[in-house]
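Written below as structure tokens is the structure these notes are about.
The values are calculated or read from the model by the stated rules, or taken from the named source; none is laboratory data. Remember, predicted model here, so these are calculated numbers, not experimental data. Because the Cβ atoms are built from the backbone with ideal geometry, glycine has one as well, and the counts that use them run over all protein chains shown.
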Amino acid sequence: MKVITIDALRQIVERLGQKAFMREVIAAQEEDMGRWDEFQKSPRHAVHYPHGVIELMPCADDTLYAFKYVNGHPKNTREGKLSVIALGLLTEVDSGYPLMLSEMTLLTAFRTAATTALGAKYLARANSQHLALIGTGAQAEFQLLACQSVLPLHTVSYYDCDPQAMDKFAIHAQTAVDKLIPCTDIAEAVAEADMVITATAAKKKNRLLSHQMVRPGTHINGLGGDCPGKTELDPALLDHCKIVVEYLEQSREEGEIQNLGGAHIHGELRELINGSKPGRENDQEITLLDSVGFALEDFSILRLVYRLAQELQIGHELELMPSLSDPKNLFSLLKVS
């Protein structure tokens, strides 16, 4: 079984380059969403605690089965730990034997940003040049990298309640765009934006954006509302949006639309990709990708990383499965010579 550590993934990304790797992730995800009906899908299995959540996210087609273990503990950053960490497993369906165990903390950031890019491709105005980031934590740089793959961005305005997070983002993004604008509040950050990404961690029903704050024609990616009771947008804003989700069955429970009672959902992202429903239809409509994260996205990036690891001969093999001349003689593994 191949093992992809943080260092191995770093090697893969370095060999391709960050922009090229992100384009590969976006392409893999778009391809898999385009063959939606070939997958066995289900909402994630989540165990909620007062201080966080632990989840398993499975998805499979007739060839590969994948799942991700992931947490969400906003308090962790106060203790010097990541608020989200993840591991992924990719398995051969034919035998049930695992093919790859991979880190998925970095990969989750890449695949989440790739979903944002796909939403922007189909829902943002094609000439969008100004991105506003609300929340500059662990996701921010990945979000910018992905959006630059599909939009001609030259300006980024940003705000976070943590000044250190803003400083960190400014260091990483200083050469990525022509103009970086640190802001003192959310309203300032979104005032001139063509696209807005909300990526905050507080586990409660927030109202970060209102309809009055958002210009006609803006595309919003609501990223931080990703579990029951955790949202970021004023419900009144949703009444003015064309709303697209990843997987309706899961989004009803976890996304911004949990505040709607299931009303006026335009469709799922895969329907825009396969052409069965339109994306943006004019330059005045406000669009929203209500993004909670779905297991198909993990499947896509795991199969991509496995292919790249094989082609580039990166990662190492770990013997976790028994190898026996007589597959019925499992007890022989305990024999002491």
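Any residue in segment 189-203 that is assigned by TED's automatic domain parsing to the domain that holds P152, part of a strand (DSSP E or B) and of a type in the set (K, R)?
Looking through segment 189-203, none of the residues is assigned by TED's automatic domain parsing to the domain that holds P152, part of a strand (DSSP E or B) and of a type in the set (K, R).
Is there a residue in segment 244-253 that is assigned by TED's automatic domain parsing to the domain that holds H266, in contact with a helix residue (DSSP H, G or I) (Cβ under 6 Å, 6 or more places away or on another chain) and farther than 23 Å from Q284 by Cβ?
yes
Does segment 302-337 hold any residues that are outside any helix (DSSP H, G or I), without any contact (Cβ under 8 Å) to a residue 40 or more places away in the chain and closer than 27 Å to D32 by Cβ, and which are they?
Q313
In segment 39-84, what residues are modelled with pLDDT under 95, more than 20 Å from the chain's Cα centre (by Cα) and surrounded by 17 or more Cβ atoms within 10 Å (Cβ to Cβ)?
Selection gives nothing.
State whether one or more residues within segment 104-119 are more than 21 Å from A295 (Cα to Cα) and charged (D, E, K, R).
Within segment 104-119 (the criterion being more than 21 Å from A295 (Cα to Cα) and charged (D, E, K, R)), the answer is no, since none of the residues qualifies.
List pairs: first residue in segment 138-165 and over 15 Å from L223 (Cβ atoms), second residue among the basic types (K, R) anywhere in the structure, Cβ distance under 8 angstrom, at least six positions apart or on different chains.
What qualifies is Q148/K19; S149/K19; S149/R23; V150/K121; H154/K179; T155/K179; V156/K179.
How about segment 36-137: which strands (runs of 3 or more DSSP E) wholly inside it have at least 1 residues that are assigned by TED's automatic domain parsing to the domain that holds R23?
Counting at least 1 such residues, we get 45-49, 52-60, 64-72, 86-92, 98-103.
Do we have T136 as surrounded by 17 or more Cβ atoms within 10 Å (Cβ to Cβ), within 23 Å of T108 (Cα to Cα) and in contact with a Gly (Cβ under 7 Å, 6 or more places away or on another chain) here?
Details: surrounded by 17 or more Cβ atoms within 10 Å (Cβ to Cβ): yes; within 23 Å of T108 (Cα to Cα): yes; in contact with a Gly (Cβ under 7 Å, 6 or more places away or on another chain): no.
It is false that T136 is surrounded by 17 or more Cβ atoms within 10 Å (Cβ to Cβ), within 23 Å of T108 (Cα to Cα) and in contact with a Gly (Cβ under 7 Å, 6 or more places away or on another chain).
In segment 241-266, how many are part of a loop (DSSP other than H, G, I, E, B) and either in contact with an Asp or Glu (Cβ under 9 Å, 6 or more places away or on another chain) or of a type in the set (D, E, K, R) (or both)?
Final tally of qualifying residues: 7.
Identify, by number, the condition in (1) farther than 19 Å from E141 by Cα; (2) touching a Ser or Thr at 6+ places or on another chain (Cβ under 8 Å) that I181 doesn't meet.
Against the list (1) farther than 19 Å from E141 by Cα; (2) touching a Ser or Thr at 6+ places or on another chain (Cβ under 8 Å), I181 comes up short only on (1).
How many residues are among the charged types (D, E, K, R) and assigned to a helix (DSSP H, G or I) when one looks only at segment 138-171?
Qualifying residue count for the region: 3.
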